[in-house]
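Engineer: Please read through the structure below; I'll follow up with questions.
The values are calculated or read from the model by the stated rules, or taken from the named source; none is laboratory data. This is a predicted model, so every value here is computed, not measured. Virtual Cβ from ideal backbone geometry, glycine too; neighbours counted across all protein chains shown.
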Amino acid sequence: MTAMKKALITGITGQDGSYLTELLLAKSYRVFGIIRRSSSFNTGRIDHIYQDPHDPDPKLKLVFGDLNDASSLNKIIRTVQPDEIYHLGAQSHVRVSFDVPEYTGEITGLGTVRLLEAIRETGVTTRFYNASSSEMFGSTPPPQNEQTPFHPRSPYAAAKVYAHWMTVNYRDGYGLFACNGILFNHESPRRGETFVTRKITRAAARIKLGLQTKLFLGNLDARRDWGYAGDYVEAMWTMMQQDKADDYVIATGETHSVREFLDEAFGHLSLDWKEYVEIDPRYCRPTEVDALLGDSSKARKAFGWKPKVRFQDLARMMVDSDLELESGLLDRRTRNHEVLER
Ligand code: NAP
Ligand code: F7E
């Protein structure tokens, strides 16, 4: 009998971490996830797959650690001895990276090096996936592929460029099986509420239900290549199963503006966003990435990856989910009022 493969995930509590965990468990992996200590619960996205910790043989195990803490990473890698490491943890918000540039460099940039060094120091034989980003292309005009020069336009993007090249360096210098997935924006009902797509779908649902009257946004002209996170974690896993480690762009090959996303999301609920949206400069960035459009033909050719969910279905899926979520919250709030009034 072959032993179950072990995967270690940083950023397991994030959007991608949750989808990847589902995928790996379905493939009979044993999954170990690094979580940070927090004063409130931070496992909302994986609670539905988390097993009783008293289970003598859990398939999903959470361990405390931090990308800021090399000793925790060393210890985890030494004790888990993973076959594959998916490094998804990061300070991942571009706008916030302008407020906390040093911290972003520390976690998103140096955090990656700490992991790579932990692999080297422990001598554990493993494969490594690094979450690179289309933000690295910055101001280089579309379409962007693996040959496109990077011109980062934020502290986040600069930190990702550093992490990207360090991953290449450990592959070239030490023979580590290390891949960079250069993923373009990918969204889902589990997307963090402050990224623009989720901010829009959540607001549209709340406006429809009478829970909100305005939506404050920044630059509506920015264009992004938006895909579905569920499709993108499949690409992560597949590139880690190839004979040779390499870097791949993962994208839909379609680009849309924030304005078009508003049309789609509000239109799905028969609302006109122009009646609700106001521009607040606080959501604009000192340097913007105007247009992203990915060319993922290398991944398509190497392992046949292509996206299943398209722009319109993605926006609708997110709106429907937020409507359900907010209606549930509304129900609960109404019930609480009824209880209080009795
Ligand atoms: P996300 O939802 O923001 O999740 C980030 C994860 O990193 C969370 O689990 C977070 O933990 C964890 N984390 C943050 N700081 C940490 C620290 N100091 N130590 C340990 N863990 C820490 O991000 P995502 O959308 O899933 O993206 C996954 C990765 O892909 C990120 O590296 C992101 O930069 C990159 N990426 C994302 C996209 C996209 O469109 N989604 C595109 C390209 C690349 P908490 O839950 O405790 O905060
Ligand atoms: O912004 C504009 C904003 O924050 C998209 C991260 O996952 O994808 C993500 O980074 C666009 C930008 O994503 C608001 O200016 C307008 O042009 O949803 P976002 P992002 O910056 O593209 C990449 C690939 C990553 O790697 C990152 O980790 O929308 N925009 N008004 C706004 N954006 C936000 N957040 N909020 C607004 O009110």
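Engineer: Listed residues THR252, THR238, THR201, THR213; which is out of contact with any strand residue (DSSP E or B) (no Cβ under 7 Å at 6 or more places or on another chain), hydroxyl-bearing (Ser, Thr, Tyr) and in a loop (DSSP other than H, G, I, E, B)?
Structural biologist: Within the list THR252, THR238, THR201, THR213, the selection yields THR213.
Engineer: Another one. In segment 190-215, what count of residues is obtained for those that are surrounded by fewer than 17 Cβ atoms within 10 Å (Cβ to Cβ) and within 16 Å of ligand 1 (Cβ to nearest atom)? Step through it out loud before you land on a result.
Structural biologist: Going through segment 190-215, the residues surrounded by fewer than 17 Cβ atoms within 10 Å (Cβ to Cβ) turn out to be 192-195, 209-214.
Retained after the next criterion (residues that are within 16 Å of ligand 1 (Cβ to nearest atom)): 192-195.
Qualifying residue count, segment 190-215: 4.
Engineer: Now for a separate question. Looking at (1) assigned to a helix (DSSP H, G or I); (2) crowded, with 18+ Cβ neighbours inside 10 Å; (3) among the β-branched types (Val, Ile, Thr); (4) touching a residue at least 40 places away in the same chain (Cβ under 8 Å), find the lone condition where VAL161 falls short.
Structural biologist: Unmet condition: (4).
Engineer: Look at segment 216-235 and say how many of its residues are part of a strand (DSSP E or B), crowded, with 16+ Cβ neighbours inside 10 Å and of a type outside the set (Lys, Arg). Lay out the reasoning, then the answer.
Structural biologist: Step one: list which residues in segment 216-235 are part of a strand (DSSP E or B), which gives 216-217, 223-224, 227-228.
Adding the requirement that they be crowded, with 16+ Cβ neighbours inside 10 Å leaves 217, 223-224, 227-228.
Cutting the leftovers down to of a type outside the set (Lys, Arg) gives us 217, 227-228.
Qualifying residue count, segment 216-235: 3.
Engineer: If you don't mind, another one. Which strands (runs of 3 or more DSSP E) does segment 3-115 wholly contain that include 2 or more residues that are buried (at least 17 other Cβ atoms within 10 Å of the Cβ) and either β-branched (Val, Ile, Thr) or more than 15 Å from ligand 1 (Cβ to nearest atom) (or both)?
Structural biologist: Here the list reads 6-10, 30-35, 84-87.
Engineer: Can you name the residue in segment 59-108 that is within 13 Å of ligand 2 (Cβ to nearest atom) and among the β-branched types (Val, Ile, Thr) and, of all such residues, is nearest to SER132 (Cα to Cα)?
Structural biologist: THR108
Rundown of residues vs (1) within 12 Å of ligand 2 (Cβ to nearest atom); (2) among the hydrophobic types (A, V, I, L, M, F, W, C); (3) over 18 Å from MET239 (Cα atoms); (4) modelled with pLDDT under 95, yes/no style:
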| residue | (1), (2), (3), (4) |
| --- | --- |
| LEU116 | no, yes, yes, no |
| THR126 | no, no, no, no |
| TYR129 | no, no, no, no |
| SER132 | yes, no, no, no |
| GLY138 | yes, no, yes, no |
| PRO142 | no, no, yes, no |
| THR148 | no, no, yes, no |
| PRO152 | yes, no, yes, no |
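Engineer: Any idea which residue in segment 124-143 is nearest to ILE107 (Cα to Cα), counting only those that are touching a His at 6+ places or on another chain (Cβ under 9 Å), touching a residue at least 24 places away in the same chain (Cβ under 8 Å) and outside any strand (DSSP E or B)?
Structural biologist: Among those that are touching a His at 6+ places or on another chain (Cβ under 9 Å), touching a residue at least 24 places away in the same chain (Cβ under 8 Å) and outside any strand (DSSP E or B), it is MET136.
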